[in-house]
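The values are calculated or read from the model by the stated rules, or taken from the named source; none is laboratory data. From a predicted model like this one, the values you see are computed outputs, not experimental measurements. Reconstructed Cβ throughout: ideal geometry from the backbone, glycine too, with neighbour counts over all protein chains shown. Side chains are part of the model used for accessible areas, which takes the heavy atoms of the whole protein and leaves out ligands, DNA and RNA. Shrake-Rupley method; radii C 1.70, N 1.55, O 1.52, S 1.80 Å.
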Amino acid sequence: KQLLPLLEAAFVRKQPKKLLLLPTYGKLPTTSLICVAVTDKGADAYRLAGARITRELRGANMKRVGVVLPTSFSVTRSDEAEAFFEGLFLGLYTFHVYKTVSPADRIAKDVQIDLLGLPAKEKAAWAKVIERARTLAEAIMLTRDLVNTPSGDMYPIRLADVAATTVAGVDGCSAQPL
């Protein structure tokens with residue numbers, strides 16, 4: 001709470017599109033804290049902020065970072081928070097079916113994001129918000145993979161196989177290729 005006014009004065013107003021990566025010097029359970037300014041309001045602005053954070057992590061080959069949620073986020077009205085988490089997950093997306101996976105891509109899958117400053121009584125509720133965002137992001141990433149795959153490799157029977165594999169582990173869902 002003491003750091004927030006200082007960051008707003010020194011960072012947010014002067015460089016609203018920049019990210020700031022701060023070492024924690026062992027004072028927090030993570031080695032670094034990443035700060036991102038969100039000057040616009042709404043779900044899209046928070047989704048972009050989340051994506052910027054994970055892209056920065058990938059670019060710096062970092063495996064773990066702490067994120068402090070804005071005080072405006074609420075578990076009961078979680079639209080913007082869910083969008084932020086979607087952005088965090090979507091920022092990890094890469095289409096690498098036809099590429100050798102680079103070390104940066106392998107690290108990105110192992111990124112751990114620590115949510116700092118959450119009240120203990122709200123952690124379970126926030127876990128549900130995060131899980132909803134993760135599920136939506138995974139669906140979007142699957143869609144991107146399908147769209148990015150050339151039609152010569154994603155012919156109708158292959159698409160049916162992907163659909164059947166995708167729903168195989170979901171209770172109450174099944175797929176039967178015709």
Legend entry - Residues of the stretch 24-75: accessible area per residue with a 1.4 Å probe, Å²: 53 Å²
Inset, instruction - Have a look at the stretch 118-178 and give its Rg and Dmax from the Cα atoms, expressed in angstrom. - result: 16.2, 51
Inset, instruction - Can you pull the one-decimal nm distance between simple spin-label points at C173 and T71, each 7 Å off the Cα toward Cβ? - result: 4.0 nm
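How much area per residue is accessible in the stretch 118-167 when the probe is 1.4 Å and only protein heavy atoms are counted (Å²)?
On the way: 3390 Å² over 50 residues.
Value returned for the stretch 118-167: 68 Å² of accessible area per residue.
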Inset, instruction - Could you run the Karplus curve 6.51 cos²θ - 1.76 cosθ + 1.60 with θ = phi - 60° over the stretch 92-97 and give me ³J(HN,Hα) per residue in whole Hz, x for Gly and Pro? - result: 7, 5, 9, 9, 10, 4
Inset, instruction - First compute the accessible area of the stretch 25-178 with a 1.4 Å probe, then give the percent of it belonging to carbon and sulfur atoms. - result: 56 percent
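Ranking request for peptides 157-164, 35-42: highest mean number of other beta-carbon atoms within 10 Å first, then the rest in descending order. Walk me through the numbers before you get to the answer.
Values: 157-164: 13.2, 35-42: 14.9.
Descending mean neighbour count gives 35-42, 157-164.
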Inset, instruction - Would you please state the base-10 log of I(q)/I(0) at q = 0.11 1/Å for the stretch 43-178, with intensities from the Debye formula using one equal scatterer on every alpha carbon? - result: -0.50
